[in-house]
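Every read-out reported here was derived from the displayed coordinates using simple, explicitly stated rules and does not represent laboratory data. Note that the coordinates shown come from a computational prediction; the quantities given were computed from them, not determined experimentally. Note that each Cβ is placed from the backbone with ideal geometry, even for glycine, and that neighbours are counted across all protein chains shown.
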There are 2 protein chains.
Amino acid sequence: MMLSQTEENYLKAIYSLAYANSNNVSTTLISEAIKTKASSVTDMIQKLAEKDLVHYKKYQGVSLTEIGQKIAVEIVRKHRLWEVFLLNKLDYNWDEVHELAEQLEHIKSETLIDKLEAFLEFPTHDPHGDPIPDKEGNIKHHNNTMLSSVETGKSCVVIGIKDSSDPFLKFLDKLQIQLGSILKVISKEPFDNSMLVETTIGSISISNQISKNIFVKNL
Amino acid sequence: MMLSQTEENYLKAIYSLAYANSNNVSTTLISEAIKTKASSVTDMIQKLAEKDLVHYKKYQGVSLTEIGQKIAVEIVRKHRLWEVFLLNKLDYNWDEVHELAEQLEHIKSETLIDKLEAFLEFPTHDPHGDPIPDKEGNIKHHNNTMLSSVETGKSCVVIGIKDSSDPFLKFLDKLQIQLGSILKVISKEPFDNSMLVETTIGSISISNQISKNIFVKNL
DNA sequence: ATTTATTTTTAGACTTATCTAAATTATTTT
DNA sequence: AAAATAATTTAGATAAGTCTAAAAATAAAT
């Protein structure tokens, strides 16, 4: 099935809204995500329903069909792999990759994304810590731990961040904390929940506000 | 100036047709290149003339303005750099990269293509031997030698091909001749101008028709 | 130099995705 | 439960890019 970029964007939006809300997704919600008018959304979801990509009953909102979901996950996969490429290979920053990936995710090819995945050596997470679906569309929703909940004495690797605001990203740059950085929790301070962490540049103190916003994988 | 993919494709087509024909490009020629009807071309070139991207007088064909040419060269630059990426990094073959590059060349970004160029270590030619314009749009049209004119006993490296038709590309794959392949001319047969060439897989006989279509750099 | 053939342009129609404004249905409030 | 508000859908319009068919201009042939 050959979909337009617009159709793909609608499926992607419905996918992530459904994930966040768990029930049927409303017209208005979609219109806000796509930045378009509700009437345009109605038109499009009727078209998508024709193609059996969404379940739709008038005034009841939509949910993805199995095929619709499969396609949405494929787009998410493409988006996240392109983000990894931009960050790891082209030296973009965490905060710059999203917009470009929005374009790259719509490139049509049977083989491109699998070759890209192999080139990137099968990454499991994108720069924001979100899991990358595999070729078959399986997503490992393994519970990303926050740095704040890593036990004293244990090591972990940074796989993403929760807050991707510019100041936070710049702050992390200053601490030289990047994707893939290995951190070891030396001690925790019960008073303010700050922690002493060992990094490549030495030991640094990290506040609870910071450590709550860094996704890690335990080692 | 924000152009649609379609507008970009027209500029690119006019650019390469103008290069091949040196005078004004006719409506029919463009329609064949774009695979559309002549009437559609008329519509579009009138639109492009409005935007000062082409010079156009009714029934006289078109030529690119300075701005139009600049944009066309930028697209060519993008196309060729993406081709290098697909071939060198993602293990695509010569005959597979073109179609994908047709999509990738339309990705909009101020910085992407320069970062890609740096990542690829500033290649000078694409897989077909065509020169890659630099950031300012300058193209080095340096005189590539054809394999057919390499002297007996001398070695050379393949930097591109002239004919990029599918059958020819497949044929080269069979001979395991790729970009960067080192070829040594062992002997030439005056009768039919075929040559005996030493490659990585041994000595092979290459007809004049083939050797006239392979760009090489003398060693 | 006229006629014939070809190329190019115009006119009107179609599709996709969008919009505004009005009508309809659902949800809240009283 | 009726009235008021909010959400959704329909109807009609618009812009981009394409098409077919017909008209106009150019090029070729006799």
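In 10 Å bins starting at zero, report the fraction of Cα pairs in chain A per bin as a rounded %.
Percent of Cα pairs in each bin: 8, 29, 29, 21, 10, 3.
According to a simple spin-label model (label point 7 Å from Cα along Cα-to-Cβ), what is the distance in nm between A:Q178 and B:K174?
4.7 nm
Does anyone have the angle between helix B:66-88 and the longest principal axis of chain B? Alpha-carbon axes, 0 to 90°, nearest 10?
Helix B:66-88 and the main axis of chain B meet at about 40 degrees.
Rounded, prolate or oblate: which fits segment B:5-64, taking a ≥ b ≥ c as square roots of the Cα gyration tensor eigenvalues, rounded meaning a/c under 1.5, else prolate when a/b beats b/c? Present the calculation step by step, with values, prior to reporting the outcome.
On the way: a/c = 1.18, a/b = 1.05, b/c = 1.13.
Because its axes are fairly even, with a/c under 1.5, segment B:5-64 counts as rounded.
From the P(r) of segment B:145-218, can you give the percent of Cα pairs sitting at distances over 18 Å?
Values: 733 of 2701 pairs.
Pairs farther apart than 18 Å: 27 percent.
So which lysines pass the test for A:K154, namely a Cα distance under 20 Å, with those fewer than 8 places away in the same chain ruled out?
Partners within reach: A:K184, A:K188, A:K212, A:K217.
Starting at the first residue of segment A:114-127, write each ³J(HN,Hα) from the Karplus equation 6.51 cos²θ - 1.76 cosθ + 1.60 with θ = phi - 60°, in whole Hz, x for Gly and Pro.
Once rounded to whole Hz, the list reads 5, 5, 5, 4, 5, 4, 7, 6, 6, x, 9, 9, 8, x.
Could you pull out the trypsin sites (Lys or Arg not before Pro) across segment B:1-68 that fall in loop regions by DSSP (anything but H, G, I, E, B) with no more than 16 other Cβ atoms inside 10 Å?
Working: sites: B:K12, B:K35, B:K37, B:K47, B:K51, B:K57, B:K58; in loops: B:K35, B:K37, B:K51, B:K57, B:K58.
When the trypsin sites (Lys or Arg not before Pro) of segment B:1-68 are filtered for loop state and at most 16 Cβ neighbours within 10 Å, B:K35, B:K37, B:K51, B:K57, B:K58 remain.
Just to confirm the number: angle between the C-alpha axis of helix A:5-21 and the first principal axis of chain A, 0 to 90 degrees, nearest 10?
Orientation of helix A:5-21: about 60 degrees from the principal axis.
Set the Förster distance to 25 Å, then compute FRET efficiency between B:D166 and A:M1 from the Cβ-Cβ distance, nearest 0.05.
Working: r = 26 Å, r/R0 = 1.06.
Working from the Cβ atoms, E equals 0.40.
So which aspartates and glutamates can B:K108 reach, going by Cα to Cα under 14 Å and dropping same-chain residues fewer than 8 places off?
B:K108 reaches A:E96, A:E99, A:E102, A:E105, B:E7, B:E8, B:E74.
What is the Cα centroid distance between segment A:45-75 and segment A:110-131, reported in whole angstrom?
26 Å
Highest first, please rank the peptides A:22-28, A:60-66 by the mean number of other Cβ atoms sitting within 10 Å of their residues. Can you show the working numbers first?
Numbers: A:22-28: 15.1, A:60-66: 17.3.
Highest to lowest by the protection proxy: A:60-66, A:22-28.
Per residue of the protein assembly as shown, what 222 nm ellipticity follows from adding -39500 (n - 2.57) for every DSSP H run with n ≥ 4, rounded to the nearest 500? Walk me through the intermediate numbers first.
On the way: 16 runs with 181 residues, N = 438.
Calculated from helices alone, the mean residue ellipticity at 222 nm is -12500 deg cm²/dmol.
Using the C-alpha gyration tensor of segment B:79-159, what are the square roots of 5 times its eigenvalues, in whole angstrom, with the largest one first? Before the final figure, lay out the partial values.
Numbers: eigenvalues 136, 47, 23 Å².
Each semi-axis is √(5λ); the values are 26, 15, 11 Å.
For a distance above 40 Å, tell me the whole-number percent of Cα pairs in the protein assembly as shown that qualify.
That fraction is 37 percent.
What does the structure give for A:104-117 when I average, per residue, the other chain Cβ atoms found within 10 Å of the residue Cβ? Walk me through the numbers on the way to the answer.
Numbers: counts 5, 0, 2, 5, 3, 7, 0, 5, 7, 0, 1, 5, 3, 0.
Taking all residues of A:104-117 together, the mean is 3.
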